[in-house]
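Shown next, in structure tokens, is the structure this report addresses.
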Number of protein chains: 2
Amino acid sequence: MFAGALTATQSHPVRTRGVPAPSFLPRARQISLFAPEGEIYAQGEQAGALYRIEFGAVRVYRLHTDGRRQIVAFYFGGETFGLEAGRTHSFFAEATVHTGLSKFANAPGELASQELMTLALRSMLHAQEHLLVVSRQSAVEKLGAFLLDVAERQGDLDHIDLQMTRVDIGEYLGMTIETVSRSFSKLREEGILRLHGAKTVEIIQPEKLVLLCK
Amino acid sequence: MFAGALTATQSHPVRTRGVPAPSFLPRARQISLFAPEGEIYAQGEQAGALYRIEFGAVRVYRLHTDGRRQIVAFYFGGETFGLEAGRTHSFFAEATVHTGLSKFANAPGELASQELMTLALRSMLHAQEHLLVVSRQSAVEKLGAFLLDVAERQGDLDHIDLQMTRVDIGEYLGMTIETVSRSFSKLREEGILRLHGAKTVEIIQPEKLVLLCK
DNA sequence: CGATAGATTGACCTCATTCAACAGGTGTGG
DNA sequence: CCACACCTGTTGAATGAGGTCAATCTATCG
């Protein structure tokens, strides 16, 4: 039945917007499937491989000593992740929903290639953007900036598919699930967005949201 | 008299700990001097060059639309900065104190070199570490983690030379100067550190601080 | 040695967190 | 296909940490 989910999801065109397909990497033989909460790699494991998301979504996070989780990035269909500074992973990577990945063995000699450089700089830029969002003062602004980011990456303002729980969003933005929920409600009450279920968001007044968050 | 400050500072050995000298880059002819608040580059300017700090300190920041400043990194003696994702700078770089820099013209063809890759991955890692610090819950923990970072990079726990104002620290950690000051006071009251003037910090109980922040 | 920017401390207030109860939606088994 | 159970999300009230405004102190530089 997960195989069913696979074909069903794949029948949608995989979004590749923003991140070009890593043509410089050897073609992956097959797609690995991950159930929600499924671990892709763990902190301490040997790094080196790259992963391209065919469908689904992934969270990359780290654990604080007090047990709290800090999600440093989400990745969606068409995006590539897995590049890290050291030889071993400093982060955990897990699927947030049913997810299909292409894995690329990354030969160490290839590390200096232009494309990998681009990927590293992109990751750096993303971390800095994330920093700007998290250091934003108000909870509503944080959530708004997050939603705009996701909408842009998914290429559709009218139909954002969150593919993650309020817990995930909270751990990404550095706030509690209650505050996340309240912020959604505030944006809804102000007529900026509409919720169709908890995970499908429609942005009605993008201008207002941009004005608020950018 | 600034020339005097130059020789005086240079008589101290320039710390190169953590960041190897960029031997892969063409030797710089001379050292450029910057007064406190002096602009090194601005957002929108053409990027490409790298800078090595001979003495002094640099802040790299970005402006929010509401005018607030978000400092994304500090750099100290021996460290190299200036690498960015795009062709133009997304950030501003300014000296926080009297600073001397070696500028390296960065030939575009060299972009794929192993050493630049290392620099990019280091920047990525730093941005992610910074994110973890800022998303830490309490103000005292943020400041403690920051001090440990600076102490490690300067290689001396007993004598941290901050080389920046409370405003800078606040804009780096995402809190007000009052909260920064109060956090310093709390750490002092708990006997973890001692202040000799506002910018010279002596960490008396590093274990306690590590326990609190790491 | 005086002027001035930077830093500290206090009082008050706002807003996110915490704790708790409730509602809704999803998935499972009958 | 329906009913129940559980997980997820929402909302409310009380608490507390950090922001804001303001006054005072002090370190540094001319």
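The values are calculated or read from the model by the stated rules, or taken from the named source; none is laboratory data. What you see is a predicted model, and the numbers here were worked out from it, not measured in a lab. Ideal geometry is used to build each Cβ from the backbone, glycine not excepted, and the neighbour counts take in all protein chains shown. Ligands, DNA and RNA are excluded from the accessible area calculation, which covers all protein heavy atoms including side chains. Shrake-Rupley method; radii C 1.70, N 1.55, O 1.52, S 1.80 Å.
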Handout entry: Copies compared at A:ASP161 - label distances in nm, ascending, label defined 7 Å from Cα in the Cβ direction
Key = 5.7
Handout entry: Gyration tensor (alpha-carbon) shape descriptor, the range A:90-180, a/c threshold 1.5
Key = prolate
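Rounded, prolate or oblate for the range B:139-213? Axes are the square roots of the Cα gyration tensor eigenvalues, ordered a ≥ b ≥ c, and the cut-off for rounded is a/c under 1.5. Show your work: numbers first, answer last.
On the way: a/c = 1.40, a/b = 1.22, b/c = 1.15.
It is rounded, given that a/c, with a ≥ b ≥ c, falls under 1.5.
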Fill in the blank from the handout: Nearest-0.05 FRET efficiency for B:GLU39 and B:GLU202 at R0 = 30 Å, using Cβ-Cβ distance, is 0.40
Practice task
Starting at the first residue of the range B:160-174, write each ³J(HN,Hα) from the Karplus equation 6.51 cos²θ - 1.76 cosθ + 1.60 with θ = phi - 60°, in whole Hz, x for Gly and Pro.
Solution key: 8, 9, 5, 6, 7, 8, 5, 4, 4, 4, x, 6, 7, 8, x
Handout entry: Karplus-derived 3J(HN,Hα), 6.51/-1.76/1.60, for each residue of the range B:55-60, Hz, glycine and proline x
Key = 7, x, 7, 10, 10, 10
Completion exercise
Whole-Hz Karplus couplings 3J(HN,Hα) for the range B:119-124, θ = phi - 60° and coefficients 6.51, -1.76, 1.60, Gly and Pro as x, run 4, 5, 5, 5, 4, 4
Practice task
Whenever you get a sec, line up B:ARG68, B:ARG59 from highest to lowest accessible area (probe 1.4 Å, protein heavy atoms).
Solution key: B:ARG68, B:ARG59
Completion exercise
Counting only protein heavy atoms with a 1.4 Å probe and every protein chain in place, the carbon and sulfur fraction of the accessible surface of the range A:139-213 in whole percent equals 52 percent
Problem - Exam field: B:LYS214 pseudo-label spacings to other copies (7 Å along Cα-Cβ), nanometres - result: 4.3
Problem - Two-site label geometry, B:ASP149 and A:LEU211: point separation in nm, points 7 Å out along Cα→Cβ - result: 3.5 nm
Exercise for the section: Name the shape class, rounded, prolate or oblate, that the alpha-carbon gyration tensor gives for the range A:60-214, where a ≥ b ≥ c are the square roots of its eigenvalues, rounded holds for a/c under 1.5, and otherwise prolate holds if a/b is larger than b/c and oblate otherwise. Expected result: prolate
Exercise for the section: Using the 7 Å Cα-to-Cβ label point, sort the distances from A:HIS64 to its equivalents in the other copies shortest first and give them in nm to one decimal. Expected result: 2.0
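Would you mind checking the pairs A:LYS103/B:LYS103; A:LYS142/B:LYS214; B:LYS103/B:LYS214 and listing those with alpha carbons more than 31 angstrom apart?
Too far apart for the 31 Å limit: A:LYS103/B:LYS103; B:LYS103/B:LYS214.
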